[in-house]
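This report refers to the structure that appears directly beneath it.
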Amino acid sequence: MSAIDPLPPLRAVIASHGLSARKSLGQNFLLDLNLTAKIARQAGDLSQCDVLEIGPGPGGLTRGLLAEGARRVLAIEKDTRCLPALEEIAAAYPGRLQIINGDALQLDPLAHLTPPIRVAANLPYNIGTELLVRWLTPADWPPFWQSLTLMFQREVAERIVAAPGSKAYGRLAILAQWRSTARIVMSLPPEAFTPPPKVSSAVVHLEALPEPRFPADPAVLSRVVAAAFNQRRKMLRAALKGQAPDIEDRLIAAGIAPTERAEQVGLEQFCALARTLARP
Ligand code: SAM
């Protein structure tokens, strides 16, 4: 029996199912169930929510989410080797865990979820940023999720919560802070994982705002911010010259000096620039 449920400890699960970690799948497992329950608590009150979990692996966080009272968990896992271990968790929590075997980048899980929906995951580092950007940039807002509670490399977590003027400030900060509140809620050293990764990690909690802080078209904002920070050392009139022939006028119309650099420009001004660029 484990600390939080009647199932075996994770080390025993891994041994009995032969789940040696694979680097190609970004597998760094959390084996301390007290820790996974603590991460689950950061996601808020789960009792009325469906939780989408990407990459459950042997099920440490899945068990944390269920033990903390999630109404239902939908877990998407690419590695077929993990499925028998996950089925054992489903049997211990009848009707509360659905497992889908597949690639989270290819699947649309929405048909299997009932709102309100929260997302919680110890993501594979190689797909974490891509999924986050997708979840932050749907055409319509509010999105399908109420909150995202996600593990990232510490450096990526700092980029998500960064303020203007800092080195970490860039596209991720702007997309995250435009339509949500984002906070680092936990820090984890490499030794918290098996095997330990080379870098430290952090859990970021994002709550969707009812509407964006400033109006802008998500595709235009995403494009202009990517271009601005791709050449972050250049003045914006140079970094953005491919965006419009009259880019200097548009920068001025948005209240931005054409000689400024991207990292000095705040969210409100970037949204104003996206609006002027959306005009013919
Ligand atoms: N959640 C588990 C934990 O905390 O111990 C495992 C975390 S491990 C960092 C990432 C998990 O994501 C692995 O189980 C891996 O097989 C799975 N994974 C990798 N790529 C995936 C993808 N494209 N879609 C779904 N799962 C994926």
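The values are calculated or read from the model by the stated rules, or taken from the named source; none is laboratory data. Predicted model, so just to flag it, every value in this text is computed and none were measured. As a convention, Cβ positions derive from the backbone with ideal geometry for all residues, glycine included, and neighbour counts pool all protein chains shown.
Observations on the structure shown:
- Residue check for V199: in a strand (DSSP E or B), at negative phi, under 19 Å from the mean Cα position of the chain (by Cα) and modelled with pLDDT of 95 or more: no
- Residue match in region 194-202 (condition: free of Cβ contacts under 8 Å to residues at least 12 places away in the same chain and over 17 Å from D140 (Cα atoms)): yes
- Region 223-256, subset farther than 14 Å from R275 by Cβ and polar (S, T, N, Q), residue surrounded by the most Cβ atoms within 10 Å (Cβ to Cβ): Q231
- Single match in G64, G59 (criterion: on the phi > 0 side of the Ramachandran plot and either within 11 Å of the ligand (Cβ to nearest atom) or touching a Ser or Thr at 6+ places or on another chain (Cβ under 8 Å) (or both)): G59
- Apart from one condition, A216 fits all of (1) part of a loop (DSSP other than H, G, I, E, B); (2) touching a strand residue (DSSP E or B) at 6+ places or on another chain (Cβ under 7 Å); the exception is (2).
- A search for C-beta distances below 6 Å between a residue of region 133-157 that is at positive phi and assigned by TED's automatic domain parsing to the domain that holds L123 and any residue that is part of a loop (DSSP other than H, G, I, E, B) and surrounded by 16 or more Cβ atoms within 10 Å (Cβ to Cβ), counting only pairs 6+ apart in sequence or on different chains, returns nothing.
- Subset of region 1-31 that is in a helix (DSSP H, G or I) and near the ligand (Cβ under 10 Å from one of its atoms) - its residue that is surrounded by the fewest Cβ atoms within 10 Å (Cβ to Cβ): S24
- Among the residues listed as T194, T259, the single one being surrounded by 14 or more Cβ atoms within 10 Å (Cβ to Cβ), modelled with pLDDT of 95 or more and of a type in the set (V, I, T): T194
- Residues of region 162-196 satisfying the condition of being among the charged types (D, E, K, R) and either not assigned by TED's automatic domain parsing to the domain that holds L30 or not in a strand (DSSP E or B) (or both): K167, R171, R179, E191
- Yes/no for F270 being surrounded by 14 or more Cβ atoms within 10 Å (Cβ to Cβ), part of a loop (DSSP other than H, G, I, E, B) and hydrophobic (A, V, I, L, M, F, W, C): no
- From L66, L105, L61, residue being closer than 27 Å to V133 by Cα, out of contact with any Lys or Arg (no Cβ under 9 Å at 6 or more places or on another chain) and modelled with pLDDT of 95 or more: L61
- Count - residues of region 19-41 that are modelled with pLDDT under 95 and in contact with a helix residue (DSSP H, G or I) (Cβ under 7 Å, 6 or more places away or on another chain): 1
- Qualifying residues in region 105-121 (those that are over 18 Å from G57 (Cβ atoms) and assigned to a strand (DSSP E or B)) - the one nearest to the ligand (Cβ to nearest atom): R118
- Residue that is nearest to the ligand (Cβ to nearest atom) [pool: residues in region 122-151 that are more than 8 Å from the chain's Cα centre (by Cα) and part of a strand (DSSP E or B)]: N122
- For region 1-28, filtering for residues that are assigned by TED's automatic domain parsing to the domain that holds A92 and acidic (D, E) leaves 0.
- Figure legend. Inter-residue proximity from region 50-65: first residues in the same structural domain as N28 (by TED's automatic domain parsing), second residues aromatic (F, W, Y) and at pLDDT 95 or above, beta-carbon distance below 8 Å, spacing 6+ or different chains. Indicated pairs: L52/W145; G57/F29; P58/F29; G60/F29.
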